[in-house]
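Okay, structure first, notes after.
The values are calculated or read from the model by the stated rules, or taken from the named source; none is laboratory data. From a predicted model like this one, the values you see are computed outputs, not experimental measurements. All Cβ positions, even for glycine, are placed from backbone atoms using ideal geometry, and neighbour counts span all protein chains on display.
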Amino acid sequence: MAQLKFMDLSTDIKTLIVQHVNRPSDLRNLCLTCKQLHEITVRKLYYKVVLDIGSPNDNKLGAFLNPRNIGLQWIRKLDLYLASVPDACNQMQLANFTVRMILEMLPENILEKFSWHPWQLFSGENLILLYKKQKRMERLEALGLDSDVLAELRKIRDFEKVFENVKKVSIYPDSRKVMEMSQLLLENSKKMEKMTIHANFDDEIPSRELNDSSTEPGILTSTIFSHMQPFAKCTPITLKEIEMHKINLRYAADTYCKVIDFRTVKSIVIGDCSGGDALFAALCGSTRLPERLETLEFKHDDNSENDGLNAIDGFLCLVTGLKTLCLDFQEVKALPAPAGITRHAKTLKSLLVHAADDCNNEFVYDWNAFSDLCKSCTLLEQISVAFPEVSLIRQNQESFINFQTCLGDLHDLTTLNITTWPNNDPSGTRLPRKVFDHLLQGLAQAGFERSVAHAASQNRSSKLAIIAFGASDRIYEREQSQNQVIFVKGKQVDPLGRESPVAIQIGCSSSSSNSMSSYPPPPTDDSQYAPIYPAAPSAPPPLLDSQQQQQLQFGSSNLYPKLENVGDILQQQAHQANHALDDQRNHGSPLQGDLQSQQQQQQAKSNRLRKACDSCSIRKVKCDESGPPCRACASLDIPCTFERPSRRRGPPNRHAEAIKKKRRLEGDLPSGPSTPASPTNAAHALAQLSSHPPAHLSAETIASVPTMNALIDDFFTYIHPLCPFPHEPSFREAWDRRVDYSDSSFLALLASMVAALVASFPRKPRLHLKMQTRDQYPSHLALVDKCREVCAAARGPGYLDRQGLNVYDACTSYFLGLVGAYTFQWRQLRLYFGECLTILRSLGLHKAHEQGYTNLGAVPGLYGSNGPSYDGSRDLKLDMITEQIGRRVFWTLFAGVRTMAQMGASFGELTILPATPTEQLPPLPVEIDDPYIFPDSIHAQPEGVVSLLVGFNVNVRTFLSYSTVSTAEMAFGVDELFDWNTQQKILSQSLQRCNDVVSDMPDVLKVKAQDSQNGKFGQRKQPYYPPMPEYGNLRDPALEALNGSSTADAIRPTSQYEIQKANIYATHLSIRSYLVEKYFVLLEKANNLKTQTALQRSPGSLIGGLDRLLVGTEIDPHLESKMASEREQVVKDLLVVLGSIDMVNMEPNADSFAQKIRSVASTLLEVPKERKGSVAQQNQEYLYKFLDVLSKLERVSDPEGSDPNARIDEEVELKLWADLREQQLKFQEDGGVYGF
């Protein structure tokens, strides 16, 4: 009997065989084999097509949309994605044109599904064309449209035929127009079986109007179901599947139960729906309970009462027939009850249970509950639960092994997902990734071996084929949803022929791969969730060879490729040449014309070294070279392409290879951007860009030179008194030489300085933007974002590893952290403040002496090193400027850390330990201004001129005055009572030191209230000008200096003193109030304790250490009355400060001043009336009004949630400053401080 060949089989058998081929490359090769197989395979290859559009690659679609391409008629599902391109300019226009071309070329009435995935506006004209040509679709989507075409859609001929076959409707409401489109689809889809509602509203529609209330429906339900009103009398929709995401169901649950007949529903998916428990509570009624529910998936962030967990437990006990159960709870106190799960033991095949508390600690079933669950639900094929903690470096961990043993009762189990990650206890060192993966593989292999052994003891074979660790992909919208390590079971055979299971890792994906969008893409037609795992075989798969493992590890989970894979068959070489030419025209420079033309000629020649087309070459037949297409391909109706790599016959020509290599090396020179055809050049260019800033990056990237000059002058006038760095003469000299063109660190420093100025004092930069470049930056936040962008680009990656890291890099990091504070981005504040402190410590500037020398102790010897136990040299001497700037940065950061602690931050946020006898903090900077500090010497300050560093040091000493309190809080905790006698002495002496600091200040930095008797400010020496643009030049010393005013030098120091004064007194008041209130809090705790022994429960050694920091041992018997008097004095001083300091000098202190004063005022006002002094009661009205204005000026709106390009309402801000001025004048008219 002759051997039967594959081609001798009947067409039906060959069709069945092809249906089991899934890999696109295999389908492609089958298409190129012969005409008969092409006709069979093309049906599956084209059944689902996924295209990336909106990029230059769209010009390759010509071959795909060729009318002679027989695959077009077999397209049933078309998914379109918006391509990710660097330059998105005019991308939507290109995408809309491409979509229209595709819809025009597709045959009529062939599509079953059309999806537009990027969640961006879809062309209304293209939608009309789609509904005109495709009237057999089974799935429709409600999309956002760029124009209102609903009326035109209704006028389409045979419009009702569009909905004849529709079974699935997906709506994604995010605006009123989309809701109207959704209503159109729901009204006309009479045969609908599945409905998906995924809301994604912004703040355009208020929540109280959008969602249902207890009295009436909201805009969402009343719009998409408007054709069914009134809901109480409507005929509910009969569905089989319902999915809802991001919908508020608290009061809408009853509405959905009226419009949808849940009794016929077989699948319910609820994800991130607020009030989802209300829906399941409503479904527990006998008239609404689903009769045969097969799938239930519920993701919910529960409340403190665990209403969602209780509702699902009750619902599971009532419903029957579940086959798939997926429960994901956050912020709960327990796991779902096993009794509700085991009720479905006779039908349940897939189970996923995840529950975590508010600290994201995952709950684990106890062994008895898990054992009962496994013994009851014997039909389970997939299970995903948390296992007990297990260590990768320990053995005989019974709790984990017992859980695996329980799985032996699940004879059909093929997939096991352990959602908890193993650890490496008791070791405290993180394992390297390769070591962790290897140990994890051993743990998975032990699981496979235990499953095989348990099955063999029962005379059956084990079906367990997959073990995964980490969170399952089935959990929708979780950050860890792609963080999984998956192992499949293979087999290995020893030399004796004995088989044993082996775990093979097939993938590990990071959670950052899906960070392109703030919300997930629209669901697929089959399920809202991606499959939990690839389909598991019924029997253990054979051992995979290396090629199959690589395919599994790196292959896509999508069986149907995007255009890049299909294009291997369908795209023409001519289109690639045009694409390369377009890229060179778009990205090349005029100076590269000759080089590009040579490269194009070389590429054209290399593409035509072989004359036969791909199909003829594969089939080894002669090609007539008349194409594309050639006659052979035309007769077979297959694409004619020239993409196979050519192979040169004969020995290699080493001389020619050397010339080519030399050309490649010469082509890597920085003569311009490389073409896409040269990956070597592209990689070299990317490496250059990653290590160096672009050549055109300079200060002009931020603003014009006149504007930058004004901003620099404003910085040194308003910000430098508070943050006295960088060194002003050195900086101005570098700016005059335009060092920003050559030094990226200087440019980063300049950008951070401007960002700090604009973020803390936005009104002044706004005036500059109005006068010069306002159209470029619509708001000060846009300018801040631009400065941060320039700073990041100038620093580049790896800037902390540079050899030339210096103190000005610490300045840059501090200013970026300050910007984060003033724009309410607390993560950036902590990040950059910590980075600043790290740089200072790495440079040794946090120490009192031997800055370049660091003693490492015995660390090198401990690890076997024979090197020295120190880093640097004792002989290293810093220049005077670097030393002083380093001290200024350190103490400025110190003041910031203490301020954060006063505002409620914990000590762990950023730690600067107090000084010890062996580890002293650096001394305070010398009280000499920048013009008199040189690299090798420091000159004396002129007589009669108070240095700005005097006010700076006063502010630092104010923070240092309560260092003993901070030390005690670090040791025992904030507001903890450990030894009341010692604590009284600490608070009393800290308060005395705080008052002594201010009393020793120069007169120029003191607040004077004497003139308040006459109703005048004791501070102001210049006339008052409102903060209006027309008065900007009259009251702005920086602009006067820019215009060459002779009085600018005299006015600027006075203004700087006033700015420092506002900062000093705000700090002084906040610390005094902080100490006084802490005393009364501890006093109340001490009075509540019954015995003195309870007050002394701390170790004596710690108390003794604190006693050495105190002066004297006696406690003032009248301390309580003195503290009460101090509270009264704080009120007086607060009113004096608010009534005396000009608002012009409050502004540069930004939110720091407002927060400190507001904290003091609110603390004083919250004191009980019986403890409130007469001064506070008399002036309570003034305090409330001042507090109200300061709260509004604090800019409490989060810029991250606002548009940085939005215009700032300056009239409101100016009105608030005018209100503050009015309160100041009213306070003075009533007698000021002498009106008490």
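Once the range 17-44 is narrowed to residues that are polar (S, T, N, Q), more than 15 Å from S617 (Cα to Cα) and in a loop (DSSP other than H, G, I, E, B), the residue that is nearest to the chain's Cα centre (by Cα) is N22.
In a residue-by-residue description of the range 781-796, the property of being of a type in the set (D, E), crowded, with 23+ Cβ neighbours inside 10 Å and in the same structural domain as A901 (by TED's automatic domain parsing) applies to no position. Of the residues that make up the range 847-860, is at least one among the aliphatic types (A, V, I, L, M), over 27 Å from K1078 (Cα atoms), modelled with pLDDT of 75 or more and in the same structural domain as F725 (by TED's automatic domain parsing)? For the range 847-860, residues among the aliphatic types (A, V, I, L, M), over 27 Å from K1078 (Cα atoms), modelled with pLDDT of 75 or more and in the same structural domain as F725 (by TED's automatic domain parsing): absent.
Here the range 995-1007 is the region considered, the condition is being more than 14 Å from A1062 (Cβ to Cβ) and assigned to a loop (DSSP other than H, G, I, E, B), and the residue that is modelled with the lowest pLDDT is D1000. Considering (1) charged (D, E, K, R); (2) touching a strand residue (DSSP E or B) at 6+ places or on another chain (Cβ under 7 Å); (3) under 21 Å from R263 (Cα atoms), the lone condition that D302 does not fulfil carries the number (3). Restricting L805, L783, L800, L816 to residues that are aliphatic (A, V, I, L, M), under 25 Å from S742 (Cα atoms) and at pLDDT 90 or above narrows the list to L816. S752 meets the conditions (1) at pLDDT below 90; (2) within 30 Å of the chain's Cα centre (by Cα); (3) among the polar types (S, T, N, Q); (4) crowded, with 16+ Cβ neighbours inside 10 Å in every case but one. The failed one is (1). Kindly indicate whether any position in the range 423-444 is under 30 Å from I270 (Cα atoms) and surrounded by 16 or more Cβ atoms within 10 Å (Cβ to Cβ). Checked against the condition, which is being under 30 Å from I270 (Cα atoms) and surrounded by 16 or more Cβ atoms within 10 Å (Cβ to Cβ), the range 423-444 yields no hits at all. Within the range 793-820, being in contact (Cβ under 8 Å) with a residue 40 or more places away in the chain and of a type in the set (A, V, I, L, M, F, W, C) holds for A793, A794, V807, A810, C811, F815, L816, L818, V819. Residues that are in contact with a helix residue (DSSP H, G or I) (Cβ under 7 Å, 6 or more places away or on another chain) and assigned to a loop (DSSP other than H, G, I, E, B) were ranked within the range 84-108; the one that is surrounded by the fewest Cβ atoms within 10 Å (Cβ to Cβ) is E108. When G951, G944 are screened for being within 17 Å of S1070 (Cβ to Cβ) and either surrounded by fewer than 19 Cβ atoms within 10 Å (Cβ to Cβ) or in contact (Cβ under 8 Å) with a residue 60 or more places away in the chain (or both), only G951 passes.
Please work out if P432 is farther than 22 Å from Y365 by Cα, without any contact (Cβ under 8 Å) to a residue 24 or more places away in the chain and not aromatic (F, W, Y). Yes, satisfied.
Taking T967, is it at pLDDT 90 or above, outside the structural domain of L1075 (by TED's automatic domain parsing), buried (at least 17 other Cβ atoms within 10 Å of the Cβ) and within 46 Å of the chain's Cα centre (by Cα)? Judged against the criteria, T967 is not a match.
Of the numbered criteria (1) over 28 Å from L318 (Cα atoms); (2) touching an Asp or Glu at 6+ places or on another chain (Cβ under 6 Å), the one H354 fails is (1).
Considering only the range 373-398, state which residues are part of a loop (DSSP other than H, G, I, E, B) and farther than 17 Å from E362 by Cα. Give the steps one after another, and end with the answer.
At the first step, the residues of the range 373-398 found to be part of a loop (DSSP other than H, G, I, E, B) are 377-381, 386-390, 392-397.
Within the range 373-398, C377, T378, L379, L380, E381, L392, I393, R394, Q395, N396, Q397 qualify.
When residues in the range 119-131 are screened for being β-branched (V, I, T) and either within 15 Å of M179 (Cβ to Cβ) or assigned to a loop (DSSP other than H, G, I, E, B) (or both), 0 of them pass. Restricting to the range 970-1009, and then to whatever is small (G, A, S) and loosely packed, with under 15 Cβ neighbours inside 10 Å, can you tell me which residue is nearest to the chain's Cα centre (by Cα)? Selected residue: G973.
Looking at V49, V42, just one residue is crowded, with 18+ Cβ neighbours inside 10 Å, over 22 Å from I128 (Cα atoms) and modelled with pLDDT of 85 or more, and that residue is V42.
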